[in-house]
Structures are given as structure tokens and as C-alpha cells.
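The values are calculated or read from the model by the stated rules, or taken from the named source; none is laboratory data. Here the structure is a predicted model, which is why all the values come from computation and not from measurement. So basically every Cβ, Gly included, is an ideal-geometry build from the backbone, and we count neighbours across all protein chains shown. Each accessible area value is taken on the protein alone, full model and side chains, heavy atoms only, with ligands, DNA and RNA left out. Shrake-Rupley method; radii C 1.70, N 1.55, O 1.52, S 1.80 Å.
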Amino acid sequence: MLAARVRRFVRTLGLSLTVSLSLAMASLVAFSALAEESMEAEFRGFDRAVLVWVGHHVRPAWTPYVLQVSMLGSPLGMSLVSLLFGVALLARQKAWDAATLLAVMLGGGALTMGLKALFKEPRPHVFPPLAHETGYSFPSGHAVLSFCFFGYLAYWIVAQAPRDGWRWILGALSAGMALLIALSRLYLGVHSPTDVTAGMLAAVFWLASCLSIRHWIARTPFDRRA
């Protein structure tokens with residue numbers, strides 16, 4: 001009986017909309033639970049233990065490369081790559097895709113600022129940070145922006161022709177780049193694992209929400225995709 005109801009629900013909404021809505025709701029629930037536990041300092045010991053381990057494995061020869069990776073995930077870096085991708089989409093007459101990218105990135109930036117102002121979590125000081133950062137720590141803005149951009153890039157690559165296996169490989173590499181940026185923040189000592197995980201979840205929520213709206217509009221007679 002339950003399986004039949006689920007199948008009817010999926011047929012009504014469509015598979016793409018069902019998946020994106022499910023991702024949005026799941027990530028929102030996970031983020032809420034993580035934020036609550038973080039505010040109660042439940043993960044403080046775990047965060048410290050991980051950063052202590054990271055601090056013991058910092059190597060001067062690696063640091064310049066990690067800084068470059070981290071810079072890519074900065075607001076400036078993400079703005080530049082988003083602009084380049086957006087221009088490329090417009091050049092291919094993909095205005096609908098470019099508009100979605102704009103909503104994802106602008107919303108991701110606004111969400112980051114709002115959450116940081118709401119939680120006001122100070123940055124960790126387990127070992128001397130390898131980069132100068134100001135502002136609040138929770139969630140990681142680099143994680144939010146990188147997972148928004150590279151997550152959308154992965155979606156776009158696969159969505160063009162889902163049957164092409166190489167597109168899934170490129171999509172996985174794109175998501176891996178976002179993960180690498182998020183991990184660079186731990187190496188630099190400017191964020192805790194909780195900050196980074198929260199940033200990932202916030203990005204998945206916002207990206208999935210934007211894609212849900214996109215898929216819903218695509219199912220209406222008002223669709224004007226380029």
C-alpha cells in the first residue's frame with residue numbers, strides 16, 4: 001500500500017521534482033539537527049580532536065597549494081567562476097540555465113550571511129590558523145558557495161545527457177572539487193568539521209530548493225526555457 005502511494009506521488013510530481021524536494025527536506029532536517037547540537041557544544045570535543053590531528057599533519061610545502069584551493073572557494077573566486085560559466089551559458093542561448101545559476105549563487109551568498117549572523121559562532125583556535133579570516137564561523141561560507149556552484153555544475157553536466165557515462169564522471173569530479181575546497185578550510189585551521197558539514201548541508205538545501213522550483217516551473221504551461 002505504501003509503495004503504491006509513493007509511486008502515485010512520484011508520477012504526480014515527476015521524478016526530478018520528487019528527488020530535488022526530497023533532498024531539500026532531508027538536508028534541512030539534517031542541518032537543523034546539526035545546528036542544535038552545535039549550539040549545545042555537543043561536537044566541541046570531536047571538532048577539537050579532528051583539528052588537533054589536522055594540525056599535526058600540516059606541511060609547509062602543501063600550504064601554498066591549499067591556500068590556492070581555498071581561494072577558489074572564496075566569494076571572489078566563486079563570483080568569477082560563476083560569471084564565466086554564466087557567460088558561457090548565455091553564449092549557448094541557455095538563459096534558463098544562467099538564471100538558475102544566478103539564483104543558486106546569490107541565494108547561497110545571502111543564506112551564508114544570514115546564518116552566520118544568526119548563530120554568531122566564533123572561529124576555532126586549536127592551532128595557529130594558516131590564513132587570516134574575520135567574521136563568524138558557522139557555517140563555512142566557502143563550503144556553502146563551493147557546493148552551490150560545483151553542485152549546480154555537476155547537475156548541469158549530467159542533465160544534458162544522463163545516459164552518457166562520462167558526464168557522471170565529470171559530475172563526480174565537480175562535486176569532488178567542492179569537497180576539496182571544504183576540506184582546505186580544516187587544513188588552514190579557520191573552520192571546524194561542524195562548520196564545514198553545516199555549509200555542505202545548507203548548500204544542498206538551497207541548491208535542491210532552486211532545482212525544485214525549476215522543475216515545478218518546467219511542469220507548468222508558463223515554462224519559457226531557452
Filter the range 58-78 for residues that are surrounded by 14 or more Cβ atoms within 10 Å (Cβ to Cβ) and hydroxyl-bearing (Ser, Thr, Tyr); the one that is farthest from residue 151 (Cα to Cα) is 63
Qualifying residue in the range 114-134 (condition: without any contact (Cβ under 8 Å) to a residue 40 or more places away in the chain and either on the phi > 0 side of the Ramachandran plot or buried (at least 18 other Cβ atoms within 10 Å of the Cβ) (or both)): yes
Filter the range 53-94 for residues that are without any contact (Cβ under 8 Å) to a residue 24 or more places away in the chain and among the small types (Gly, Ala, Ser); the one that is farthest from residue 113 (Cα to Cα) is 61
Give me the residue from the range 1-57 that is open to solvent by 40 Å² or more (accessible area, probe 1.4 Å) and acidic (Asp, Glu) and, out of that set, modelled with the highest pLDDT. 36
